[in-house]
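Structure, as structure tokens:
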Amino acid sequence: MSDVAIAARDARAERLAAARLHDPHAFLGPHREGGRALVRVYDPRARAAWVETAEGWRAAPPAGVAGLFALEAEVRAPYRVRFEREGALCERFDPYCFAPQISDYDLYLFNAGRLTQAWRTLGAHATTVAGVAGTRFAVWAPNAERVSVVGDFNGWDGRVHPMSVRGSSGVWELFLPGVGPGALYKFEIRNRESGALLLKADPYARAAELRPGTASRVAPPAAHVWSDGEWLAQRARWDWLRAPVAILEVHAGSWRRDARGWRALGDALIPYALELGFTHLELMPVAEHPLDESWGYQTTGYFAPSARWGSADELREFVDRCHRAGLGVLLDWVPGHFPTDDWALAHFDGTALYEHEDPRLARHPDWGTHTFNFGRNEVRAFLLSSAHYWLDQFHFDGLRVDAVASMLYLDYSRRPGEWLPNRYGGRENLEAIDFLRELNVLVHAEFPGAVTIAEESTAWPMVSRPAYAGGLGFSMKWNMGWMHDTLEYFRHDPVYRRYHHDRLTFGQLYAYTENFVLPFSHDEVVHGKGSLLGKMPGDCWQQFANLRLLFAWQMTTPGKKLNFMGNEFGHGPEWDAVRGLDWSLAEIEWHRGVRLCFRDLQRLYASEPALHELDFDPQGFAWIDCHDSDNSVLSFVRRAQSGACLVVVLNFTPVPRTGYRIGVPRAGLWRERLNTDSAYYGGSNIGNGGALLAEPAPYMGQPATLALTLPPLAALILAPA
């Protein structure tokens with residue numbers, strides 16, 4: 001062997017011993033050097049080593065640095081090695097006799113941002129290579145000098161299992177035989193420039209240690225056998241634009257304290273949601289997160305269901321059960337920002353990798369988090385793969401995408417000088433816009449019938465219009481303006497509502513510019529805002545009447561519906577994720593009346609095409625009278641595609657009104673389909689006896705006239721007989 005070759009060998013040995021070797025496969029394991037068959041094995045804590053050769057076990061002499069042993073011998077991979085550590089022998093297959101498994105093509109797609117199932121390539125995958133069971137580890141850390149897998153299988157010692165970098169891809173890979181599902185692990189990363197050592201959880205981990213632990217866990221292969229084929233086939237044909245959509249937003253850990261965990265939650269929640277007429281559940285983020293108080297919105301495990309509520313297979317079983325019962329499941333997903341915890345994504349390889357380097361782009365001022373660098377190909381692949389993973393592996397029916405407004409604007413919540421304009425000098429985040437369009441194209445192309453819903457609070461145009469037409473491509477968008485205007489109106493004492501009538505009518509000016517969801521979400525019942533019931537003015541009777549009226553306004557206004565858990569029975573206290581909901585309230589008479597009224601409103605919404613078929617079409621709505629601010633009364637018509645109609649009249653004061661005249665679309669008998677003042681719901685039982693006759697006298701632009709008795713703080717929903 002030449003002096004140059006020996007020098008190179010010695011330099012690599014020194015780098016190995018110093019835990020700085022970037023390509024251990026080129027040095028350790030079996031090689032032919034100078035015409036000789038040579039095997040190098042390494043364990044920094046070993047005093048002696050043996051190698052399983054073609055002729056049997058042979059001792060390997062020390063090779064210059066502590067823990068390194070070299071043997072001239074022919075071996076047949078895979079072979080085992082034995083190490084003596086303080087008098088004890090340990091035996092294992094040599095990790096460095098297994099060639100890297102990730103294809104060059106996958107690496108190319110990943111670096112190009114086009115590997116939209118990157119979770120299949122990176123992370124930890126229990127697998128079998130050359131007949132040997134183990135786990136293949138892979139991680140992206142392009143600015144690392146050395147990366148090692150550490151875990152409970154090697155004493156968390158970064159010297160034992162250094163990984164090999166795959167060319168210029170920035171991806172490091174190693175197959176560890178004998179490591180299987182359940183093993184805890186992290187990546188130890190040495191930064192190339194500073195030499196600093198970092199200990200990081202796996203960004204692509206599909207399981208994680210239960211808090212307060214922060215290690216990743218090797219996930220077992222999915223074992224759940226799906227039985228929702230009929231649901232998925234129907235979903236692919238589902239015309240969600242014209243279908244009823246009523247969503248219950250749920251925090252899995254606090255819906256009911258006696259129903260924690262996916263199986264117990266399924267037992268109690270599924271029949272409850274169906275009985276109340278919900279069509280979908282929306283789970284607040286279920287991805288792994290370290291802080292309970294963040295409710296999942298500061299995500300650290302973009303591919304790992306939180307260990308708080310059960311295994312990944314138990315979550316699959318929960319979704320499957322929902323589908324078999326006829327209930328869709330949406331996932332709250334957070335691609336806009338991530339927490340600064342030093343063991344997670346932040347400065348992952350010692351540099352700004354997933355986030356921006358420039359603090360004017362990197363930090364989110366509202367939440368103290370990092371914003372993703374959407375202009376980086378590998379970051380887009382990471383996020384697109386996360387979305388794909390939840391929809392593919394857990395059969396979720398769509399994504400509610402959190403904080404879209406904060407992604408779209410570079411100056412979101414920032415003062416002048418605290419943000420960096422785009423290349424054209426504007427405030428739009430061009431890379432985030434491209435990412436959102438790519439996300440929506442991916443979801444709609446690969447998961448027929450799945451929907452994407454944007455939490456977007458600004459006037460950004462065409463959020464729910466196709467990407468090919470210049471929109472962002474979302475299916476629907478939360479109508480935050482309608483929600484804020486409605487709650488602001490209802491906060492006013494009824495005596496002053498006449499001066500705020502436009503709060504309710506203004507929404508129709510823009511109601512069909514987007515496909516809107518009308519939300520009363522968790523954001524409206526936390527952080528000192530009080531519950532929906534607590535926002536209602538007046539004495540106790542008026543508060544409950546106002547709440548029933550609020551839900552009638554929501555259910556009859558064009559748009560799909562969303563309510564946070566507890567709204568449906570008038571939960572009194574502000575939501576606290578630690579205490580959960582106070583279910584003792586649900587059986588008190590007035591609370592029970594709210595729940596029954598809410599149930600009947602949702603059932604009517606789902607059963608009457610006039611209330612949902614044309615939610616996104618102005619042909620489905622027409623004011624009868626939107627000008628009666630003096631009496632604080634609104635009346636309007638809702639229509640179905642067939643022309644069938646309902647009339648809605650809402651009295652926003654506690655004053656009953658008799659002989660109140662409105663125009664209606666036809667003469668003859670009209671029936672009260674629902675009266676929120678019914679004694680059945682806890683009301684005063686003022687109404688029209690269930691039916692009344694419209695005279696063939698034109699009025700208010702309609703061909704017939706009804707003279708009504710309007711109950712106080714109540715809604716009437718009328719249908720022609």
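Using a probe of 1.4 angstrom, how much of the accessible area of segment 434-540 is carbon and sulfur, in percent?
For segment 434-540, the apolar C and S fraction of the accessible surface comes to 57 percent.
Tell me, what is the Rg over Rh of segment 582-716, with Rh the Kirkwood radius over Cα pairs?
Taking Rh as the inverse mean 1/r over Cα pairs, Rg/Rh reads 0.99.
Taking amide H atoms as placed 1.01 Å from N in the peptide plane, list the residues 5 or more away in sequence, or in a different chain, whose amide H sits under 5 Å from that of Val463.
Those qualifying (amide H under 5 Å, at least 5 residues apart or on another chain) are Leu472.
Enumerate by residue number the chymotrypsin sites (Phe, Trp or Tyr not before Pro) in segment 363-462 meeting two conditions: DSSP loop (anything except H, G, I, E, B), and at most 12 other Cβ atoms within 10 Å of the site's Cβ.
Tyr424
Can you give the translational diffusion coefficient of segment 439-584 in µm²/s, computed by Stokes-Einstein from the Kirkwood radius over Cα pairs at 10 °C and 1.306 mPa s?
The estimated diffusion coefficient comes to 95 µm²/s.
Where a ≥ b ≥ c are the square roots of the eigenvalues of the C-alpha gyration tensor, would you call segment 146-221 rounded, which needs a/c under 1.5, or, failing that, prolate if a/b is larger than b/c, or oblate?
prolate
Between rounded, prolate and oblate, where does segment 88-206 land on the alpha carbon gyration tensor, with a ≥ b ≥ c its root eigenvalues, rounded for a/c under 1.5, else prolate if a/b exceeds b/c?
Oblate, because a/c is 1.5 or more while a/b does not exceed b/c.
Once phi is turned into θ = phi - 60°, what whole-Hz ³J(HN,Hα) does the Karplus curve with 6.51, -1.76 and 1.60 give for every residue of segment 237-254, x standing for Gly and Pro?
Karplus values, whole Hz, x for Gly and Pro: 9, 6, 9, 5, 4, 10, 9, x, 10, 10, 10, 9, 7, 10, 9, 4, x, 9.
For Lys561, which lysines qualify as cross-link partners when the Cα separation must be under 18 Å and same-chain residues fewer than eight apart are set aside?
Lys477
Apply the Kirkwood formula to segment 582-656: the hydrodynamic radius equals the inverse of the mean of 1/r over all pairs of different alpha-carbon atoms; give it in Å with one decimal.
14.4 Å
Roughly speaking, to the nearest percent, how much of segment 45-125's 1.4 Å accessible area is carbon and sulfur?
49 percent
For Ser168, Ser457, what's the largest-to-smallest order of accessible area, 1.4 Å probe?
Ser168, Ser457
Given +1 on the Cβ of Lys and Arg, -1 on the Cβ of Asp and Glu, and no further charges, what dipole in debye does segment 313-465 carry about its Cα centre, rounded to the nearest 20?
520 debye
If you keep only loop residues by DSSP, which GluC sites (Glu not before Pro) in segment 182-274 have at most 16 other Cβ atoms within 10 Å of their Cβ?
Glu193
Send over a whole-number figure in Å² for the accessible area per residue of the chain, probe 1.4 Å.
Dividing the accessible area of the chain by its residue count gives 37 Å².
Under 16 Å from a label point 7 Å along Cα→Cβ of His527: give me every residue in segment 558-584 with its amide N that close.
Of the residues in segment 558-584, 574-577 have backbone N under 16 Å from the label point off His527.
For Arg671 and Thr513, what is the calculated FRET efficiency with R₀ set at 60 Å and r taken between the beta-carbons, to the nearest 0.05?
E between Arg671 and Thr513, to the nearest 0.05, is 0.95.
Taking every alpha carbon pair in the chain, what does the distance histogram look like in 20 angstrom bins from 0, in percent?
It works out to 16, 41, 26, 12, 4, 0, in whole percents.
Round to a whole angstrom and tell me the spacing of the C-alpha centers of segment 96-170 and segment 268-335.
Each part reduced to its Cα centre gives a spacing of 30 Å.
Leaving out ligands, DNA and RNA, what percent of the accessible area of segment 625-721 is carbon and sulfur, probe 1.4 Å?
Within segment 625-721, the accessible surface is 51 percent carbon and sulfur.
Using just the helices of the chain, give the 222 nm mean residue ellipticity in deg cm²/dmol: DSSP H runs with n ≥ 4 each add -39,500 (n - 2.57), and the total is spread over all residues, rounded to 500.
Result for the chain: -6500 deg cm²/dmol, rounded to the nearest 500.
Highest mean first, what order results for 574-586, 284-296 on Cβ atoms within 10 Å?
Descending mean neighbour count gives 284-296, 574-586.
When the Cα atoms of segment 411-492 are enclosed in a convex hull and the volume is divided per residue, what value in Å³ results?
Taking only Cα atoms, segment 411-492 has a hull volume of 120 Å³ per residue.
Tell me whether segment 99-162 comes out rounded, prolate or oblate; compute the Cα gyration tensor, take square roots of the eigenvalues as a ≥ b ≥ c, and use a/c under 1.5 as the rounded threshold.
The shape class here is oblate.
Going Cα to Cα from Lys186, which lysines come in below 26 Å? Please leave out same-chain ones fewer than 8 positions away.
Here the lysines satisfying the reach criterion relative to Lys186 are Lys200.
Can you tell me the Rg and the Dmax, both Å, for the Cα atoms in segment 169-322?
For segment 169-322, the Cα-based Rg and Dmax read 18.9, 60 Å.
Any chance you could check the Cα centroid distance between segment 601-649 and segment 190-217 for me, in angstrom?
The two parts, judged by their Cα centres, are 54 Å apart.
The values are calculated or read from the model by the stated rules, or taken from the named source; none is laboratory data. Note that this is a predicted model, so its numbers are computed, not measured. Backbone-built Cβ (ideal geometry, glycine too); neighbour counts: all protein chains shown. What goes into the accessible areas is simple: the full protein's heavy atoms, side chains included, and nothing from ligands, DNA or RNA. Shrake-Rupley method; radii C 1.70, N 1.55, O 1.52, S 1.80 Å.
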